[in-house]
Amino acid sequence: MTGTYNWKMRVVGAAGLALLLAGCGSGATPNKSSTSLKPVYGGTFSVGIPVDAGTLDPRLAQDTSATAVDSLIFNGLVAINNKLQAVPGLATSWKQVNPTTWDFTLREGVEFSNGQPFTSADVVYTYDTILNPKFNAPHAQLYAPIKSVVAEGKYSVQFNLSEPYAPLLSYLNMGIVPHIAAASPNFATNPVGTGPYVLKSWQRNSQITLARNPHFYGQKPYLSQIDFAVLPDNTAQVNALKAGTLNMITSPLPAQDVVTLEHDPSVVVQKETGLGIIYLNLNLQDPILKDLKVREALNLLTNRKGITQSIYKGIDTPASTTMIPGTWSYDPSIQAPSFNVQAAKKLLAQDGWKKNSQGVLEKNGRTLTLTLSTYNDPNRVEILTYLQNVLGQVGIQAQVKQEDWATFIAGVMAHKFQVSLIGWLGLVDPDKAMYEQFTTNGGYNWEGYSNQTVDQLLQNGRTATTIAQRKSDYAQASKIVLHDLPYIVIADQGWVVITGKNVSGLKINRTGSFRDLESVWLSK
């Protein structure tokens with residue numbers, strides 16, 4: 001997410017959670033200002049991030065800041081490229097022996113940043129801890145079908161599954177931790193990985209500083225140091241980039257600033273179709289929102305086209321489901337109803353809601369009053385303010401509540417909300433966009449949604465052996481979710497990366513990974 005979990009989070013958005021975003025362009029190309037320049041070693045590269053990382057233990061990370069930093073400190077067995085394909089990481093090759101058995105050959109000669117050799121014991125330890133309920137890994141459900149991970153030799157491991165698991169490879173980019181050092185209670189703030197960079201310092205809510213990893217097995221990174229500067233104000237990030245204080249900023253950014261910067265010769269703007277959504281999470285346990293007719297009215301009152309055009313300037317695009325355009329699971333035939341104030345009024349009237357003397361809808365002594373909550377992101381607040389005005393036109397009294405990210409997401413996770421605006425990022429597989437969110441006991445089912453048919457379809461989607469069957473399962477589940485409305489999906493997010501002119505060699509990745517910074521240099 002962004003402030004979503006990776007999602008999203010930037011969530012969600014401690015999501016964001018979240019982690020990135022659709023409809024922005026046909027594909028990214030390397031920074032054209034760098035194509036004729038010879039790579040240069042050295043220099044400090046500064047990146048703006050909207051929230052501080054919650055932890056730097058990849059097994060526990062939920063927010064996009066943590067994911068960004070961890071992508072430079074750790075390696076997974078695989079990496080996910082811009083085509084959403086698994087490519088070699090700490091595993092050089094793999095094969096599926098049978099529907100429930102996978103063998104992986106590991107890279108030899110790799111060391112962690114503390115000099116400890118990387119072996120199969122580290123892979124086993126990483127996944128054993130994730131699967132241990134006492135460890136409380138937030139994404140444990142993504143790995144639940146893994147029955148065991150067994151070391152077959154010093155440089156080979158076998159994954160044994162309880163059932164066929166289609167998205168397995170998509171989730172094996174989880175950073176591998178060292179089985180000795182990771183047992184330390186301080187590992188979350190003193191991480192040890194095999195990636196190109198190591199943690200140098202961490203000033204909470206201010207800056208995370210990385211330095212080159214002298215033990216890195218790959219090509220020596222060009223940049224000596226990478227600073228992640230925590231700047232919650234997106235406009236402040238833009239100003240810092242223009243002033244040269246920052247070298248790079250990324251989504252989420254004020255859309256008007258992106259449009260302006262596209263015409264600024266001092267910066268380079270790259271846009272890519274991302275892997276994230278923005279949505280309204282509806283608490284189905286709430287006395288008002290448990291009424292499907294009310295949720296249907298809110299869906300009719302959500303002007304997706306207006307929001308994406310006026311607030312996001314077309315960088316984000318209207319969406320109806322959690323399936324991402326440009327991926328194999330996307331079905332353009334599944335569409336939410338169009339924005340229609342009159343239809344919403346009629347629906348609420350049929351449901352028994354009538355205006356009282358104050359002009360607020362009322363039914364059985366209860367007024368139709370809603371709290372719309374989000375975190376301190378100007379664009380998100382603007383969406384809710386826009387929605388608040390529309391709701392007021394039909395007699396729904398709404399207030400907008402904004403909080404810092406940590407407070408906001410804690411309330412959502414505790415089910416203490418009515419309508420919350422968040423996002424999911426890093427949706428590399430439809431399973432990641434739906435299973436934990438919509439199954440009855442899903443770890444991210446904050447809305448309290450339960451539908452046995454959806455449970456079965458999402459389970460089928462995990463175990464199906466063909467893309468065609470998986471697509472059918474997710475399409476059916478998406479149609480039911482769109483009918484039941486635990487979410488009102490507003491937009492597919494666009495992934496935007498803006499750099500100074502002296503930044504060379506950058507290829508952006510639609511997954512939102514920052515790993516490509518290992519190939520970036522600063523021209524003189």
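Laboratory data are not the source of any read-out in this text; all were calculated from the coordinates shown. Small disclaimer: the values here were computed from a predicted structure and weren't measured. Here the Cβ is made from the backbone with ideal geometry for all residues, glycine too, and neighbour counts use every protein chain on show.
Just a few scattered comments:
- Extending 7 Å from the Cα toward the beta-carbon at both TYR41 and LYS290 defines two label points whose distance is 6.6 nm.
- Ordered by the number of other Cβ atoms lying within 10 Å of each residue's own Cβ, fewest first, ARG462, ARG204 fall into the sequence ARG204, ARG462.
- Label corresponding to Rg/Rh (Cα atoms, Kirkwood Rh) when calculated from the structure given, among (1) 0.98; (2) 0.95; (3) 1.00: (1)
- When each of VAL87, VAL294, VAL341 is scored by the number of other beta-carbon atoms lying within 10 Å, the sequence from fewest to most is VAL87, VAL341, VAL294.
- Under a 5 Å amide H cut-off, with hydrogens placed 1.01 Å from N, LYS200 pairs with THR209, LEU210, ALA211 among residues at least 5 apart or on other chains.
- Pairs beyond 21 Å (Cα-Cα), from LYS305/LYS401; LYS313/LYS432; LYS83/LYS432; LYS83/LYS501; LYS83/LYS479; LYS305/LYS355: LYS305/LYS401; LYS313/LYS432; LYS83/LYS501; LYS83/LYS479; LYS305/LYS355
- Point-to-point label distance, ASP128-THR371, nm (Cα→Cβ direction, 7 Å offset): 4.5 nm
- Around the amide H of LEU90, modelled in the peptide plane, lie the amide H atoms of GLY76, LEU77, VAL78, all under 5 Å away and 5 or more residues distant in sequence or on another chain.
- Efficiency of FRET from Cβ geometry, ALA414 and ILE480, R₀ 22 Å, rounded to 0.05: 0.25
- Karplus-derived 3J(HN,Hα) values for segment 118-135, using 6.51 cos²θ - 1.76 cosθ + 1.60 with θ = phi - 60°, are 8, 9, 4, 4, 6, 5, 4, 4, 4, 7, 4, 5, 4, 7, 7, x, 5, 6 Hz; glycine and proline are entered as x.
- Taking the number of Cβ atoms within 10 Å of each Cβ as an exposure proxy, the fewest-first ranking of VAL381, VAL268 is VAL381, VAL268.
- Full-stretch length increase - SER333, GLN388 - with 0.36 nm per residue and alpha-carbon distance subtracted: 16.9 nm
- Under 14 Å from the Cα of LYS154 - aspartates and glutamates, other chains or at least 8 residues apart: ASP103, GLU108, GLU111, ASP122
- Solvent-free Debye calculation, one equal scatterer per alpha-carbon of segment 226-325: log10 I(q)/I(0) at 0.13, 0.16, 0.25 Å⁻¹ equals -0.64, -0.84, -1.36.
- Spacing of the modelled spin labels on ASN186 and GLN469, each 7 Å from Cα toward Cβ, amounts to 5.1 nm.
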